[in-house]
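See structure below.
The values are calculated or read from the model by the stated rules, or taken from the named source; none is laboratory data. All values derive from a computational prediction rather than experimental measurement. Note that each Cβ is placed from the backbone with ideal geometry, even for glycine, and that neighbours are counted across all protein chains shown. What goes into the accessible areas is simple: the full protein's heavy atoms, side chains included, and nothing from ligands, DNA or RNA. Shrake-Rupley method; radii C 1.70, N 1.55, O 1.52, S 1.80 Å.
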Amino acid sequence: MSEKGDSQEKSTDSKPEKPTDSKPASNDFAGEQTKARKVVQGFTQALIQWMPLGGSGTAFVSFVLKSEWLQALLMFPVMAVTVVWAAYTEAVLTRLREISAERGKKDVDDFMAWLKGVDEAIRWQLAGVEDKYLRCQGSACREYRTEGYNRGTFVPLLSEVFVPLELSSAFVKGVSGEELPMFPGFRQEDVELIRAVAENELLIWDLLGKIKQYPAFSRMAILAWGGYGKTTLLRHITYTYAKHRHRRYRVPQFLPVLLPLRKWQSVIATEENLDLPSLIEKHHIPSLPSGADLKLPPQWAKNQLQGGKMLVMFDGFDEVKPEWRKRVSTWLGKQMGDYQKSVFILTSRPGGYKDYAATNSPSSKLYVKSFNAEQRQRFIEKWYLTQERYARAGRNTPEVKQIANSNVANLLQQLQQRPELEVLAKNPLLLNMIANLHRSYAGQQLPQRRNELYQDILTLQLKDRPRSRGIDMLVPFPESQQILQKVALTMVESKQPSINRWELETWIDNHLQNLDFGKTVAVSEFLNQIVDVSELIVKRDEDLEFAHLSFQGYLAAAEIKARKQEQLLLEHCQYSWWKETILLYCGQVNPSNLIRAFLNIGEQSAIDLAHECLKESPRKIDLEIEAELQQLEQSVSNLLYQQLENYLKNGKWEEANRETYRLMIQTVGKEKGQFLEREDYENFPCEDLRTINQLWMSNSQGKFGFSVQKEIYESLGGTEKYNGEVWKNWCKYVGWSDGVVNFSYEAPKAHLPITLPVSPEKREYYFHLPTSHRGGHGRVSSLAQRLVTCNI
């Protein structure tokens with residue numbers, strides 16, 4: 001073999017063999033590292049232990065070697081102490097190693113847990129939980145479903161027909177619970193701006209946008225009678241946030257949670273240890289469209305609430321069963337206290353809200369105002385355009401708009417020409433009904449009164465609409481209405497706004513038997529038609545209820561009339577739950593006997609109810625009833641104004657002023673704490689205004705009264721048109737410039753009465769009328785014009 005070959009072979013032979021497995025080498029290397037660490041640790045420990053022995057040990061050995069026994073003996077205790085130190089430090093270092101090891105493990109575990117939490121948060125963030133929730137909650141509020149009358153021919157989207165509701169402010173509670181005569185934290189110029197510039201434009205977004213500056217708005221109670229759009233307002237808020245459209249209103253970002261209390265009252269009242277996060281996660285979210293499939297991070301709702309990221313809306317406290325209201329209100333108050341950073345809104349009818357028993361109540365109380373002329377027109381225009389467009393496959397052509405505009409013009413003309421119809425149209429629910437009737441009965445005159453409107457709706461839904469759709473109702477009209485009347489009265493008597501299907505079918509079956517339909521009509525099929533065709537009863541989760549409590553009240557009243565059980569109303573006249581049924585009954589009969597019975601009770605609440613029954617009665621239709629009620633009206637009026645007369649005769653000017661406000665606010669159908677607006681004065685009944693004015697004039701020797709205020713206002717050049725100089729002079733003349741009320745006979749002429757809300761606790765009026773206040777001028781000028789119209 002050549003040298004080259006030999007060298008190559010030698011080179012090859014000298015190469016180390018490639019290991020078949022690399023793990024043993026790695027283990028050996030790791031083992032060497034461990035041994036090295038142990039040697040270093042041992043050396044360090046020994047150094048610490050025997051370091052003190054360095055000097056003393058050397059000296060002791062040196063003395064022994066030199067036979068210097070005395071010095072060696074003296075050095076020995078020092079060395080002994082050093083030995084003890086070595087033993088002591090060994091124990092200390094051993095324990096330190098153990099503690100350090102334990103703490104190190106804990107720190108590493110905490111760090112890994114933190115990393116895991118960050119990882120989970122990132123994963124949930126990437127999963128888009130909040131957006132998915134908003135889609136679920138928004139889907140539940142997408143359609144315009146007015147509480148009480150859900151459908152015309154087509155169901156429009158909420159965004160297509162919603163008209164913003166205007167709110168009127170009441171008193172706001174301060175930090176210590178006292179009622180304040182203005183919004184806490186507002187400067188005087190803020191108050192002037194809200195009351196003057198935006199007097200009729202106070203919207204929910206105005207308040208939500210001020211939450212950071214004025215925390216009182218983070219707890220709001222919105223009150224209104226049935227049909228004023230409380231639920232629709234909350235659905236609008238929810239849908240706006242769900243679609244991220246809240247930015248246009250410049251309000252803080254929140255996750256909206258809409259909780260109907262009629263739906264969850266049983267859960268709140270009966271489930272032990274229930275808190276708001278559990279209600280949201282275990283009950284509310286699974287009930288939303290696609291909500292059952294939504295996966296939530298641990299304690300998601302609790303974290304959102306504690307972080308102030310949720311806007312929680314409890315809808316319909318008045319629809320909670322009376323026996324549960326105290327328990328439910330206590331629970332609501334606790335949740336508001338537990339999650340103070342989040343925002344809460346509660347809606348209710350005023351009568352039901354009086355049963356709110358929790359000490360932690362909403363700090364800001366607001367009322368929904370009636371639809372004004374502009375709002376009515378906007379709603380009718382939007383509603384008719386959507387109906388005509390949907391009826392033509394969604395086309396939005398000039399022809400469709402022309403048809404819609406023609407119908408709008410006809411309906412608006414009827415409202416303008418018939419004041420009694422215009423009064424009904426101030427209620428959004430009734431306006432929706434009026435629009436449906438107008439479209440269904442094209443060219444016909446609309447009903448004049450609320451009872452007639454409800455009856456026309458029942459006829460339309462139970463008879464005319466099914467017939468136009470070619471549907472044969474299993475039980476014909478009017479027998480179908482008779483069954484619903486019996487059901488409604490049973491529900492009113494048992495204080496049930498809703499009922500489970502099995503119990504309802506049992507009731508209906510008995511009524512079918514009595515009407516000889518039991519053998520030919522299956523109760524379940526009849527109920528299905530009432531729900532699906534007539535839509536007068538609607539399904540709310542697992543329970544059923546009338547589409548609106550007003551329908552339930554009307555039908556119950558009709559049944560009481562049919563049974564001649566007027567005594568039943570007398571037995572329950574002190575309960576707010578029965579008020580709607582009582583008033584609707586008075587609209588169907590001659591209520592003379594019932595009114596006399598209320599007057600005989602003698603209590604102020606019964607006298608007030610008698611007065612409201614008079615207004616609801618069919619006196620303008622039935623001339624015989626008119627003659628009898630005219631005689632009775634004088635008795636009601638004497639009792640109604642008796643308290644005011646007593647105050648005035650005895651010179652109790654403050655009490656008389658407060659009673660005047662109460663009478664006037666009741667007459668226009670509002671609640672204490674609300675303002676009398678220009679429209680209220682413009683339509684105030686002349687006889688009532690004349691009676692109040694005459695009582696003030698005759699008992700003050702002509703010094704106080706509305707007519708005196710009007711005369712001075714006109715003598716200074718005051719007209720309906722605003723004039724800042726005239727208004728300033730008038731305020732100065734009557735003593736209103738400084739906003740301080742003088743309840744004595746020494747007050748300036750025309751100083752009283754002042755028809756504004758008052759805080760009973762502080763005895764202060766919601767009375768801040770700067771000399772340039774247009775809102776105050778509007779009220780005074782409207783009142784003056786009404787006095788002229790009424791010839792007072």
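Within the stretch 752-769, one or more residues are at pLDDT 90 or above, of a type in the set (A, V, I, L, M) and in a loop (DSSP other than H, G, I, E, B). For Val487, the test of being modelled with pLDDT of 90 or more, closer than 25 Å to Ser550 by Cβ and within 30 Å of the chain's Cα centre (by Cα) is passed. Filtering Leu208, Leu223 for residues that are farther than 28 Å from Ser576 by Cβ and either touching a strand residue (DSSP E or B) at 6+ places or on another chain (Cβ under 6 Å) or open to solvent by less than 10 Å² (accessible area, probe 1.4 Å) (or both) leaves a single hit, Leu208.
Among the residues making up the stretch 270-313, those that are open to solvent by less than 10 Å² (accessible area, probe 1.4 Å), without any contact (Cβ under 8 Å) to a residue 60 or more places away in the chain and in contact with a Phe, Trp or Tyr (Cβ under 7 Å, 6 or more places away or on another chain) are Leu279, Leu305, Met310, Val312. Residues that are modelled with pLDDT under 95 and farther than 30 Å from Gln630 by Cβ do not occur anywhere in the stretch 554-570.
Only residues that are open to solvent by 10 Å² or more (accessible area, probe 1.4 Å) and in a strand (DSSP E or B) were counted in the stretch 340-362, giving 0. Beta carbons closer than 8 Å, at least 6 apart along the sequence or on distinct chains, pair a first residue in the stretch 391-410 that is in contact (Cβ under 8 Å) with a residue 24 or more places away in the chain with a second that is among the aromatic types (Phe, Trp, Tyr) and open to solvent by 60 Å² or more (accessible area, probe 1.4 Å) for Ala391/Phe154.
Consider Leu663 carefully, then state whether it is within 22 Å of Leu424 (Cβ to Cβ) and either open to solvent by less than 10 Å² (accessible area, probe 1.4 Å) or of a type in the set (Gly, Ala, Ser) (or both). The answer is no for Leu663.
Here the helices (runs of 4 or more DSSP H) wholly within the stretch 363-482 that include at least 3 residues being among the hydrophobic types (A, V, I, L, M, F, W, C) and at pLDDT below 90 are 419-425, 428-440. Evaluate the following for Lys321: is it surrounded by 16 or more Cβ atoms within 10 Å (Cβ to Cβ), over 17 Å from the mean Cα position of the chain (by Cα) and at pLDDT below 90? Yes: the conditions hold for Lys321. Do you know which residues across the stretch 589-606 are in a helix (DSSP H, G or I), under 18 Å from Glu571 (Cβ atoms) and free of Cβ contacts under 8 Å to residues at least 40 places away in the same chain? Once the filter is applied, which keeps residues that are in a helix (DSSP H, G or I), under 18 Å from Glu571 (Cβ atoms) and free of Cβ contacts under 8 Å to residues at least 40 places away in the same chain, the stretch 589-606 yields Asn593, Leu594, Arg596, Ala597, Phe598, Asn600, Ile601, Ser605, Ala606. From the list Ile537, Ile560, Ile499, which residue is over 31 Å from the mean Cα position of the chain (by Cα), within 22 Å of Tyr454 (Cβ to Cβ), open to solvent by less than 10 Å² (accessible area, probe 1.4 Å) and among the hydrophobic types (A, V, I, L, M, F, W, C)? Unique residue meeting the criteria: Ile560. Scanning the stretch 666-701 for residues that are open to solvent by 50 Å² or more (accessible area, probe 1.4 Å), part of a helix (DSSP H, G or I) and closer than 28 Å to Ala221 by Cα yields a count of 2. Tallying residues that are more than 15 Å from Arg418 (Cα to Cα) and touching a Leu at 6+ places or on another chain (Cβ under 8 Å) within the stretch 442-473 yields 9.
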